[in-house]
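Below is one structure, written out as structure tokens, with a few remarks after it.
The values are calculated or read from the model by the stated rules, or taken from the named source; none is laboratory data. All values reported here derive from a predicted model rather than from experimental measurement. Heads up, the Cβs are rebuilt from the backbone with ideal geometry, glycines too, and the neighbour counts pull from every protein chain shown. Heavy atoms of the whole protein, side chains included, go into the accessibility calculation; ligands, DNA and RNA do not. Shrake-Rupley method; radii C 1.70, N 1.55, O 1.52, S 1.80 Å.
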Amino acid sequence: MNREAALVVFSGGQDSTTCLFWAKRNFKKVYALSFLYGQKHQKEVELAREIARKAEVEFEVMDVSFIGTLGHNSLTDTAMVMDQEKPAGSVPNTFVPGRNLFFLSIAAVYARERGISHLVTGVSQTDFSGYPDCRDAFIKSLNVTLNLAMDEQFVIHTPLMWIDKAETWALADELGVLDLIRNETLTCYNGIQGDGCGHCPACTLRREGLEKYLKNKNQ
Ligand code: ZN
């Protein structure tokens, strides 16, 4: 397999965009794969396409919209109001069950077809929002499973696993894309690009991380 190419699971948000540029630094050839999964803010895929064009990486979108109809969650169900914080003892209703399992499994098949053995995902255990499929144990387990399933030697890279949002901004800055990520990515649960709505959980996490990073940088 091609050890010089990597496939990034890419949503056009802060984390996966940071991973896209991290992959560009570490691999000769980078592919970005986005998913339509019935998310309310489908324009995130168009923003992802534009970022991939600027990054000069191969870009493809897979339509897996049916997974949005499998379960109830506020990222795909327009009738549901998103949880503003993690409810005690359960996952927030922004959790899409099986999403990372599903996306990474498809990404692995897609990569295998192209002889790519490196997969990159922006999951992080540090700012753990209660999503079990963002944890390191899950990723390691899936890596073993994918290799057994396809008799391959995939390596799943998680550059953000142990860093917080401030350190993710630091990495973006080090990669020379802080402004691009700040202005062109979409992380906001209310679908507003860049600095977003400012008050949803994703915007709050992103803003607090940026403020912390800029404060440390300017000291
Ligand atoms: Zn927001």
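Among helices (runs of 4 or more DSSP H) entirely within the stretch 156-219, having at least 2 residues that are away from the ligand (no atom under 16 Å from the Cβ) and in contact (Cβ under 8 Å) with a residue 60 or more places away in the chain singles out 165-174. When residues in the stretch 136-160 are screened for being of a type in the set (S, T, N, Q) and open to solvent by less than 20 Å² (accessible area, probe 1.4 Å), 0 of them pass. Looking at the stretch 51-77, which of the residues that are part of a loop (DSSP other than H, G, I, E, B) and open to solvent by 50 Å² or more (accessible area, probe 1.4 Å) is modelled with the highest pLDDT? So, considering only residues that are part of a loop (DSSP other than H, G, I, E, B) and open to solvent by 50 Å² or more (accessible area, probe 1.4 Å), the one modelled with the highest pLDDT is GLU56. Can we say ALA48 is in a strand (DSSP E or B) and open to solvent by less than 10 Å² (accessible area, probe 1.4 Å)? Taking the combined requirement at face value, the residue does not satisfy it. Residues that are within 16 Å of the ligand (Cβ to nearest atom), open to solvent by less than 40 Å² (accessible area, probe 1.4 Å) and within 17 Å of GLY13 (Cβ to Cβ): does the stretch 120-135 have at least one? Within the stretch 120-135 (the criterion being within 16 Å of the ligand (Cβ to nearest atom), open to solvent by less than 40 Å² (accessible area, probe 1.4 Å) and within 17 Å of GLY13 (Cβ to Cβ)), the answer is no, since none of the residues qualifies. For the stretch 106-119, the set of residues classified as open to solvent by 30 Å² or more (accessible area, probe 1.4 Å) and more than 29 Å from LEU205 (Cα to Cα) consists of VAL109, ARG112, GLU113, ARG114, listed by residue number. Do we have SER141 as more than 16 Å from the ligand (Cβ to nearest atom), at pLDDT 95 or above and of a type in the set (Gly, Ala, Ser) here? So SER141 passes the test.
Report, by residue number, each residue of the stretch 19-43 that is part of a loop (DSSP other than H, G, I, E, B) and open to solvent by 40 Å² or more (accessible area, probe 1.4 Å). Reasoning before the result, please.
From the stretch 19-43, those part of a loop (DSSP other than H, G, I, E, B) are 27-28, 37-42; that's our starting set.
Of everything in the stretch 19-43, those that are part of a loop (DSSP other than H, G, I, E, B) and open to solvent by 40 Å² or more (accessible area, probe 1.4 Å) turn out to be LYS28, LYS40, HIS41, GLN42.
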